[in-house]
Amino acid sequence: MMKRPSPRPVLGLVGWITVALVCSACASSAATVAPERIRLPMGYIPNVQYAPFYVAVDRGYFLDEGIELEFDYAFETDGVALVGAGELPFSLASGEQVLLARAQGLPVTYFYAWWQDFPVAVAAPIESGIDTPQDLIGKSIGIPVLGGASFIGYQALMRAAGVSPDAASLEVIGYNQVEALLAGQTDAAVVYANNEPIQLEQLGMPVSVVRVADYVTLSSNGLITNEGTLQSDPELVRGMSRALSRGIDDVLADPDAAFEVCKRYIEGLGDGDPSVQRRVLDASIEFWRSERAGWSDPQAWENMQQVLLETELLKAPVDLARAYSNDYLP
Amino acid sequence: MAGLIAWEALVRLSGLPAFILPPPSVVGRRFLELAGEGGLWRHTFVTLLEILAGLVVGVTIAFLLGYLVAKSPSLERILAPYIVASQSIPVVAIAPLMIIWFGAGTLSKVLISALIVFFPVLVNTVVGLRSVPADLHDLMRSLRATRWQTFTKLDVPASLPVMFGGLKIGATLAVIGAVVGEFVAADQGLGFLITLNRGLYDTAGVFVAVFLLIGLAMLMYSAVSFLERRMLGWRNRPEA
């Protein structure tokens, strides 16, 4: 009869393994730092235009940098003010907002140029024959507000083309550019090149688009922080840059997969016909391509400052060296 | 005055930057700058005009409809759900649609203002007219008063105290209506000035516009109160 092996050595082995595992877990948890929770004001509603962020969060790129990102779809100006006040470390903002904020003493610094070109444009029905800024002379142009990126973009476009901005009559129409053009309320409208033209085409009104970016380079949407964060935690700033860069790279490499990720972050995107939003993504992607991820073109900042001074939105030049930086790129 | 001193002291002691909370001295300076540029009065006048027009339109419609509803219970049963429904729609939600329907000019702001004025005036009109004692109506009938005479000599004077309550609320709400319209789409007015200054991170400029709006609301309230005293002065006169 075979002797049954004593259970004691087996139990002992199991005990030691258990102790080793528990100790290893304890050591591991002591070494792992909980990710820093960061609320990021986005400036607009959930939209496919934020695909790089959705992808970067979805694939854990921000977590790799120790950042747990939380989207806050607040107004752009509120985000800038919160960062300037030191209440939040980061926000998304357009270049002109940074200069306007700095002029009022908000210590904000732009450190990652996500959009390489300014997306504002003037759209008009294709049969109107409006193809250049010169064609806008004497026309009525709908504009959302007399301020912000739309107004700056229009001013920059006309001035760059050597046409007085007053040569056309601006009509404030709120964010109703699509409705205004469809109803024929205005001859043209200031739009975002990656958005309203696609909606209008889908609704049966093909439009010609006069892009600001074809006439002048302006600093566009990107990540901002405050001087306090730059001094106290530059690695966190670089981590934001790295994570966003990886998100952009992934979207550029595989827009179809990125669009699928967007469906998890944008309510209703997966319902009905997603073709318009898919085209919005494709059009947006063209603004994100760059030779060096996140790099700010100094000329774009000079041009932006010049437009703001000429339109008297800035009373005096601000120190551009503190307004933006290329020192925190991946 | 004590409030202003406390505000100034709070900002100075806390060291808050002006873009978060400007002290009253900075707001005052900004007021003088903006007033000197001339545009401030134009913006104020535009908003005042929208408020007055909205009030006239809103009060007129509310009064006419209120009279019909007060006199006809069957009409009230038909209209009440629609009237209540119209008030359950947030003005900020419908304002962008009104801009699309009526354009971005003065008309849309006047209508938004009228919409917000309408309900309190209507309710007070109905309550006021129904509070007229029935025996006074019997008296008018015994005197063979015409419908118009009953309306002008009894219904209106007797219900005015209650109606003025609605008018006071409506006069201050009209300010909100005009500003909501200006927030959505405008190139002039105090609401536009607030939007513009927010975009420029000029918090002191925002305060200037907000204080002017408060001033307009107080002016409207005072004007209605003055009218009330003039029209209802007989109530306080000692009986002969």
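The values are calculated or read from the model by the stated rules, or taken from the named source; none is laboratory data. Note that the structure is a prediction, hence the values are computed from the model and not measured. Neighbour counts run over all protein chains shown; Cβ positions are idealised from the backbone, glycine included. For accessibility, only protein heavy atoms count, side chains too; no ligands or nucleic acids. Shrake-Rupley method; radii C 1.70, N 1.55, O 1.52, S 1.80 Å.
Some points to look at:
- Once A binds B, the 1.4 Å probe can no longer reach about 1600 Å² of accessible area, counting both sides.
- Simple spin-label estimate for A:Glu227 and B:Val26 in nanometres, 7 Å along Cα-Cβ: 1.5 nm
- Size of charge dipole - chain B - debye, nearest 20, with Cβ of Lys, Arg +1 and Asp, Glu -1, no other charges: 620 debye
- Between the amide H of A:Ser220 and those of A:Gly95, distances stay under 5 Å, these residues lying 5 or more places away or on another chain, with hydrogens modeled in the peptide plane.
- Nearest-ten-degree value, helix A:7-31 long axis tilted from longest Cα axis of chain A: 30 degrees
- The modelled label-to-label distance for the pair B:Trp148/A:Glu70, using points 7 Å beyond Cα in the direction of Cβ, is 6.8 nm.
- Probe 1.4 Å, accessible area per residue of chain B, Å²: 53 Å²
- For the protein assembly as shown, with all protein chains in place and a probe radius of 1.4 Å, 61% of the accessible heavy-atom surface sits on carbon or sulfur.
- Peptides A:246-254, A:320-328 ranked from most to least packed give A:246-254, A:320-328, packing being the mean of other C-beta atoms within 10 angstrom over each peptide's residues.
- Partners for B:Lys71 among aspartates and glutamates (Cα-Cα distance below 14 Å; same-chain residues under 8 apart left out): B:Asp155
- Average Cα contact separation per residue, the stretch A:76-183, under 8 Å, 6 or more apart, as relative contact order %: 23 percent
- The stretch A:78-120 residues near the modelled A:Leu309 label - backbone nitrogen below 15 Å, point 7 Å along Cα→Cβ: A:99-100, A:103
- Taking label points 7 Å from Cα along the Cα-to-Cβ direction, A:Tyr44 and B:Leu13 give a separation of 4.5 nm.
- Kyte-Doolittle at least -0.5, axis length at least 27 Å by Cα - qualifying DSSP helices, chain B: B:39-71, B:106-130, B:156-184, B:203-231
- Antiparallel %, DSSP beta bridges [both residues in the protein assembly as shown], to 5: 55 percent
- Accessible area per residue was computed with a 1.4 Å probe on protein heavy atoms; A:Arg238 scores about 70 Å².
- Label zone at A:Leu203 (point 7 Å along Cα-to-Cβ), backbone N below 19 Å, the stretch B:164-186: B:184-186
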